[in-house]
1. Starting from the stretch 1-13, keep only residues that are under 13 Å from residue 33 (Cα atoms) and free of Cβ contacts under 8 Å to residues at least 24 places away in the same chain, then list their pairs with residues that are within 7 Å of the ligand (Cβ to nearest atom) and outside any loop (DSSP other than H, G, I, E, B) whose Cβ atoms are within a distance under 7 Å, requiring at least 6 positions of separation or different chains.
2. Looking at residue 42, is it farther than 20 Å from residue 131 by Cα and more than 16 Å from the ligand (Cβ to nearest atom)?
3. So if I check each of 255, 268, which one is surrounded by 18 or more Cβ atoms within 10 Å (Cβ to Cβ) and farther than 30 Å from residue 104 by Cα?
4. For the stretch 201-231, enumerate the residues that are part of a helix (DSSP H, G or I), touching a residue at least 60 places away in the same chain (Cβ under 8 Å) and under 24 Å from residue 180 (Cβ atoms).
5. Return the only residue of 195, 240, 157, 148 being more than 13 Å from the chain's Cα centre (by Cα) and part of a strand (DSSP E or B).
6. Which of the residues belonging to the stretch 171-192 are surrounded by 16 or more Cβ atoms within 10 Å (Cβ to Cβ) and either assigned to a strand (DSSP E or B) or in contact with a helix residue (DSSP H, G or I) (Cβ under 6 Å, 6 or more places away or on another chain) (or both)?
7. If residue 102 satisfies all but one of (1) outside any loop (DSSP other than H, G, I, E, B); (2) farther than 30 Å from residue 156 by Cα; (3) without any contact (Cβ under 8 Å) to a residue 40 or more places away in the chain; (4) more than 16 Å from the ligand (Cβ to nearest atom), what's the number of the condition it fails?
8. Confirm whether residue 20 is in contact with a helix residue (DSSP H, G or I) (Cβ under 6 Å, 6 or more places away or on another chain) and within 11 Å of the ligand (Cβ to nearest atom).
Ligand SMILES: [Zn+2]
């Protein structure tokens, strides 16, 4: 077959040829030249079991850089372990990032592989880019990793577990003593504060820089190191296009409108449709503003689980008075904004013909205290302590509040 890069006729285009001819991997070659990978790989390249005897541990001691990178990948739980190997996989768009780690990690026996698999459900050859080393070396990692460069270590933690959402840095990490110690150190030594949010990805904790200023302090601390890691700098620093994405979810709820002179005073129910709109930068490494699946998990966990098959009058004290779509939107906004600082609009349809659109305050505005009062009336601590309420006490004493019996 003809190689579209060097125009030579060769028997089999593979990574060995491409490394010589253009430096691309087979997957990148397939993408660039619009060729299905299934046509490029032959049977002997698919579902190959890698052999640990191809790998060896270096005799030299790892550098501080190598120790810092490996320690960060370990603390973020970035590796997956299968059969005889410990592996770090990556999207093809982040290949250079993977190779950047590899440069220092070779000392621990790591090698790059592009593996191809075919499963009964994939219906196509699926490539997987990874750096891997035999599992049997893992017990040596801790004795080999001595000194760590804190800023490099932190940068790799952010590269692997971090996301920038509307100026806030989010970290998705497994809750361990080391992670807690790291976050405490950032707060105590660098004044970078964190809030821990409800777990969305099962098994991982979600942490967010408390404010935009905390995120800026964090990013300026790690910027020189992050700029050094290919692909990662784009995710955090590049000027990229913005877009708005929207997810629609439904929930079934009942409600009644208190003190309302119409038939909505009666308990009734229906199917609500909720549209959540997020505007943010398009992450150049994922191609997403936010993954729709992830957006759905957040809205499900924070809103749908709270409202679905419930009586809206009893899910929140302030909806007890008026569970209108307007106040419901404010309630939903407040449940989501901590997780989705790019939230720009909510639409709640009570019927197909009636809906309310709401654009609430930004997270920053909510943090600086200018919160909306429309939902806070019945949950306010001071309710019942106004001067006028003293009249009720006096009336009660004078026996004038008694229910009149017919
Ligand atoms: Zn070629």
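1. 3/17; 3/21; 6/21
2. Yes, satisfied.
3. Every option except 255 fails the conditions.
4. Once the filter is applied, which keeps residues that are part of a helix (DSSP H, G or I), touching a residue at least 60 places away in the same chain (Cβ under 8 Å) and under 24 Å from residue 180 (Cβ atoms), the stretch 201-231 yields 212, 218, 221, 222, 225, 226.
5. Working: 240 fails: part of a strand (DSSP E or B); 157 fails: part of a strand (DSSP E or B); 148 fails: part of a strand (DSSP E or B).
The unique qualifying residue is 195.
6. Step one: of the stretch 171-192, the residues surrounded by 16 or more Cβ atoms within 10 Å (Cβ to Cβ) are 171-173, 179, 182-183, 186, 192.
Hits for the stretch 171-192 are 171, 172, 173, 192.
7. Here residue 102 clears every test but (2).
8. Spelling it out, it is not the case that residue 20 is in contact with a helix residue (DSSP H, G or I) (Cβ under 6 Å, 6 or more places away or on another chain) and within 11 Å of the ligand (Cβ to nearest atom).
Values in this text are rule-based calculations from the coordinates and carry no lab data. From a predicted model like this one, the values you see are computed outputs, not experimental measurements. In this analysis, Cβ positions are derived from the backbone assuming ideal geometry, glycine residues included, and neighbour counts consider all displayed protein chains.
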